Amino acid sequence: MLATQAIRSDDIEDNVILQYRHGIGGGMGISAISVNEVVSYLNLLYIPDVYSRISEFNSAIEFYGSYDLFLSSNLAAGFEYSYLLGSHNISTGFGSNDFTYTYHLPLVLGHYVLSGSEYFFKFGGGLGYIFARFKEDLADLPEAIVYSGGGIGGKAQAVGHTPFGDDLFGYIGVEMRFAFPGLVTDDEGRTLTDGRDNVSLNFFSFGVKFGLMYYFN
């Protein structure tokens, strides 16, 4: 019995994951995002000067919270909610036009875990139903127009954790995301269109995230 206990104690010292069952955390990130059809829509209707057009990839900021559940020393499940925000400001002779796209990204996650006594890494990703919103605040209109929709999305990621204390860990992750919310409509059911084709809020992105995680039994 004492030998078994000693082995288990040694295993715990060599594998930090065996000390924990649950984890909660949060943080923020920055992504390069391509919402290709929205960019084409803005360039076509609002930026006639080809030298000033918006590029395909633009920056977006993210805020997230997450929960981890360790199923074994090498497998983990979890849940993450992220809020992703990107915007463009286009000045015209009539004033300033603001365009904002936001995504609510709840995902169910699965990871393979590699760990040692002072670190661990998670490799995996997740899927979920994505909620998208596009807001046009035009200088020549009294009220903003809001379009919304939803669809499937997900991501692949690699995450590293290092300890800041007994149960507190730093979080740094790299990830690739995709989402297919498809066409979006306003409150009256009108679809966002450039006059010829409907415009979707489908996107692809890659980025980094930083945060903190608290792990416990």
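Coordinate-derived values only; no laboratory data. Every value quoted in this text rests on a predicted model; they were computed, and no experiment measured them. Every residue, glycine as well, gets a Cβ built from its backbone with ideal geometry; the counts of neighbours run over all protein chains shown.
Once the other residues with Cβ under 13 Å from the Cβ of I172 are scored (Lys, Arg +1; Asp, Glu -1), what is the net sum?
Every neighbour counted, the sum reads +1.
Among (i) 47, 37, 35; (ii) 55, 47, 38; (iii) 80, 31, 26, only one was calculated for this model; which label is it, if the read-out is Cα extents along the principal axes in Å?
Here the calculated entry is (iii).
Test of the criteria: in region 160-217, which trypsin sites (Lys or Arg not before Pro) are in a DSSP loop and have at most 13 other Cβ atoms within 10 angstrom of their Cβ? Intermediate values should be presented prior to the final figure.
Working: sites: R177, R190, R196, K209; in loops: R190, R196.
For trypsin sites (Lys or Arg not before Pro) across region 160-217 that sit outside H, G, I, E and B with at most 13 neighbouring Cβ atoms in 10 Å, the list reads R190, R196.
Give me the net charge of F70's neighbourhood, meaning all other residues with Cβ under 12 Å from the Cβ of F70; Lys, Arg count +1, Asp, Glu -1. Can you show the working numbers first?
Values: positive: R21, K122; negative: D68.
Its environment carries a net charge of +1.
Out of region 154-211, which chymotrypsin sites (Phe, Trp or Tyr not before Pro) are coil in DSSP terms and have no more than 15 other C-beta atoms within 10 Å?
On the way: sites: F164, F169, Y171, F178, F203, F204, F206, F210; in loops: F164.
Answer by residue number: F164.
Relative contact order for the chain: what percent, with Cα pairs under 8 Å and sequence separation of 6 or more? Each step should come with its number before you reach the end.
On the way: 562 pairs, mean separation 47.6, N = 217.
Contact order relative to length: 22 percent.
Bin width 10 Å, alpha-carbon pairs only: give the P(r) of region 12-121 as whole percents, running from 0 to the bin holding the largest distance.
Per 10 Å bin, starting at 0, the Cα pair percentages come out as 12, 30, 22, 16, 12, 6, 1.
Report, ordered by chain and residue number, the aspartates and glutamates lying within cross-link reach of K122, taken as a straight Cα distance under 15 Å and ignoring same-chain residues fewer than 8 apart.
D68, E80, E175
Using a cut-off of 15 Å between beta-carbons, work out the net charge of the residues near D197 (Lys and Arg +1, Asp and Glu -1, D197 not included).
Numbers: positive: R190, R196; negative: E37, D194.
Net charge around D197: 0.
Mind pulling the angle between the C-alpha long axis of helix 36-46 and the longest principal axis of the chain? Nearest 10 degrees, somewhere in 0 to 90.
30 degrees
Can you give me the Cα centroid spacing of region 175-203 and region 87-107 in angstrom?
Spelled out, the Cα-based centre of one part sits 14 Å from the other.
Residue by residue, what Karplus-based ³J(HN,Hα) values in Hz, rounded to whole numbers, does region 182-190 have, using 6.51, -1.76 and 1.60 with θ = phi - 60° and x for Gly and Pro?
x, 6, 10, 10, 8, 5, 9, x, 7
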